[in-house]
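Below is one structure; the comments refer to it alone.
The numbers here are math on the coordinates, done by the rules we state, and not lab data. No experiment lies behind these values; they were computed from the predicted model shown. For neighbour counting, all protein chains shown are included, and Cβ atoms are generated from backbone atoms with ideal geometry for every residue, glycine included.
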Amino acid sequence: MKRIRFAAAAVACWTVLFAACTNDFSVFEQPAGDDGGQTDGTLPESGTGETGGGSDGNDGATHDVTVSDVATDTGGDAKSDVTTSDAGDSGVGDAPGDSPADSPADAPADAPPDAPVDAPPDAPPCGVTGNACCPGDAGGTCTTGCCDPTSDKCVGDGVACQASNTVCTAGACTACGTSPDVCCPGNTCTSGCCDTTAKKCVGDGVACSGTNEVCSGGTCKPCGGNNAVCCAGPNPCTTSGACCDPANDKCVNNNSDCSTSGEICSTGTCKSCGTPGIMCCAASTCSNNGCCDNNSCVLQGNQCSGGPQTVCSAGLCQLCGTAGSACCMNNKCNGIGVNKGCCDTSGACVGAGSACPGAGGTCQGGVCCGAKTEPCCSTNPKCGAGLSCNGQGICQ
């Protein structure tokens, strides 16, 4: 039966195709029935009401080939065979039938329980200061600052990293605190100074980055001026002829006293001064009441550069030998013979025949005489009142 229906359907299809190709649709015209009516080939007369009669063959009504038993049987067979028969499974039969039934059962049951388990918990963002470093090809990364390799956390620029004496600088945790490393947080160094301009540690006595600055006492300070700390390098002081005093590491101007007593700065060097035969100290001074004569010290009582009639007395080179003036070198005063003046114990010359105020007695022949423990005078009275001249020529 099925084979007959299939053949009829095939013939109908070929007929339609032939008519379309030849543009001749007369093949669909049917002979008149018993009642003389003619029906359209595409629809049954019973469906259109052209005949007004029944649908059996006796009244002349004829079915169109497109709605014959082949079409109705085929639809019925296909529906029953494809959806209900598993024997010819090709994916078409099961998929429409099984999927709608299975999906509603599976989907609602799986989705709600799985979602809370599968969804990852919210995590704090990585790469910002205080949070974990983000992963990277060359180690952890941070949006700013540094990734501390010890703690795997981001730290801000200039902030200490976890390892001892390390700080975040230029995007990496770097050693700090010793020269020439960067300064540790708070501009600190374990020794020397933190050069705040260069942000690096420098050793004591080493130049800082500023002009005429040096590390001294843990701080970068101005250097080179008078009484300022000495700069680093071959020219520690800025003034010509100044000295870097080795005793206190400060600059001293030329011809000024150094910090050590008896030393003066002379042409860039602290030198001894003030004693006889060497240079005078600052302000033309010499020790022990010596005299500065042409920048050289002269011992008290010695002749100065002016000749025999000059002497160093009370710190000054002056004329000597006349009455009332200083005694010349070797306690001499001017005059000849009995007219020669005397050098009193006060260091001043006394004229011949005059009283010696310091020692007492009288000046005769260049000597004060007549007082106790003094020589006896050559003329009377040889000794003062109450004294006599002993056998050694001394008044007692």
**Request:** Figure the gain on full extension for I336 and D204 (residue separation times 0.36 nm, minus the Cα-Cα span) and round it to one decimal in nm.
**Result:** 40.5 nm
**Request:** Could you pull out the pairs from K340/K372; K200/K271; K271/K340; K332/K372 whose alpha carbons sit more than 32 Å apart here?
**Result:** K200/K271; K271/K340
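Run the numbers for T267 and S287: contour at 0.36 nm per residue of separation, minus the present Cα-Cα distance, in nm.
Values: separation 20, 0.36 × 20 = 7.20 nm, distance 2.14 nm.
The span from T267 to S287 would gain 5.1 nm if fully extended.
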**Prompt:** How high is the relative contact order of region 121-193, given as a whole-number percent (alpha carbon pairs under 8 Å, six or more residues apart)?
**Reply:** 19
**Complete:** The residues C389, C189, sorted from fewest to most surrounding Cβ atoms within 10 Å, come out as C389, C189
**Request:** Positive end of the charge dipole of region 248-396 (Lys, Arg +1 and Asp, Glu -1 on Cβ, about the Cα centre): tell me which of S266, G361, C342 has its Cα farthest that way.
**Result:** G361
**Item:** Relative contact order for region 195-284, counting Cα pairs under 8 Å that sit 6 or more residues apart, in percent
**Value:** 16
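Using the Cα centre as the reference, give the magnitude of the dipole from point charges on the C-beta atoms of region 243-383 (Lys, Arg: +1; Asp, Glu: -1; all else neutral), rounded to the nearest 20 debye. The partial results should precede the final answer.
On the way: 6 positive and 7 negative charges, 113 e Å.
Charge dipole, region 243-383, about its Cα centre: 540 debye, nearest 20.
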